[in-house]
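Quick notes on the structure that follows.
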Amino acid sequence: MGLFWSGPPPITVGEAERHDLLVLAMSGTGHSADASDDLLYELGRARVVSDDRLPDDIIRMGSRVAVSIDGEYKVLRLAYPGSAESGDVSIFSPVGTALLGLRPGQVMRWTDRTGKVREVRIHAVQSPAG
């Protein structure tokens with residue numbers, strides 16, 4: 001029996017954040033070309049909604065999330081590169097890119113640069129203040 005793979009789960013992002021992340025990914029400063037490509041791919045497949053229609057349980061920049069990464073429970077905050085807070089994960093890290101646009105109950109799998117299949121499972125999302 002082979003591994004069943006239905007592809008990545010659907011993701012949703014707000015218009016303004018998509019624009020900001022596209023500009024950041026294309027700027028090429030502070031991250032690798034591979035990290036930019038990964039983020040651009042995710043932004044390209046995302047369903048884009050007006051900012052006022054983005055549900056509170058969608059992971060966006062600044063969201064605090066309870067997740068299991070390869071079975072290990074963690075609480076993280078999705079952040080822009082260079083954030084100094086403990087528990088932050090950069091949008092340009094593989095996990096950060098995988099988190100964008102997901103909601104509780106979804107699972108994202110990807111193959112890392114070493115060929116290992118990784119998995120992040122979303123348990124809870126706290127949208128950013130403001």
*What number of residues within segment 44-76 satisfy the criterion of being hydrophobic (A, V, I, L, M, F, W, C) and free of Cβ contacts under 8 Å to residues at least 40 places away in the same chain?*
4
*Of the residues G44, G105, which single one is part of a loop (DSSP other than H, G, I, E, B) and either closer than 20 Å to H19 by Cα or out of contact with any Leu (no Cβ under 6 Å at 6 or more places or on another chain) (or both)?*
G105
*asked:* I want to confirm something. Restricting to segment 66-82 and keeping residues that are more than 18 Å from L39 (Cα to Cα) and in a loop (DSSP other than H, G, I, E, B), which single residue is farthest from the chain's Cα centre (by Cα)?
replied: G71
*For S93, state whether it is among the small types (G, A, S), surrounded by 13 or more Cβ atoms within 10 Å (Cβ to Cβ) and out of contact with any Ser or Thr (no Cβ under 9 Å at 6 or more places or on another chain).*
yes
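Conditions (1) modelled with pLDDT of 95 or more; (2) closer than 25 Å to V117 by Cβ; (3) under 12 Å from the mean Cα position of the chain (by Cα), marked per residue:
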residue: W5; (1), (2), (3): no, yes, no
residue: V23; (1), (2), (3): no, no, no
residue: S32; (1), (2), (3): no, yes, no
residue: D38; (1), (2), (3): no, yes, yes
residue: D52; (1), (2), (3): no, no, no
residue: D57; (1), (2), (3): yes, no, no
residue: R64; (1), (2), (3): yes, no, yes
*Could you figure out which of (1) in contact (Cβ under 8 Å) with a residue 24 or more places away in the chain; (2) out of contact with any Asp or Glu (no Cβ under 6 Å at 6 or more places or on another chain) isn't true of G14?*
(2)
*How many residues, within segment 96-107, are over 10 Å from I59 (Cβ atoms) and of a type outside the set (G, A, S)?*
2
*Failed condition for S93, given (1) of a type in the set (S, T, Y); (2) in contact (Cβ under 8 Å) with a residue 24 or more places away in the chain; (3) in contact with a strand residue (DSSP E or B) (Cβ under 6 Å, 6 or more places away or on another chain), with all others met?*
(3)
*Which is surrounded by 14 or more Cβ atoms within 10 Å (Cβ to Cβ) and on the phi > 0 side of the Ramachandran plot, of G101, G71, G82, G115?*
G101
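The values are calculated or read from the model by the stated rules, or taken from the named source; none is laboratory data. These numbers come from a predicted model, not from an experiment. No Cβ is skipped: glycine too gets one built from the backbone with ideal geometry, and neighbour counts run over all protein chains shown.
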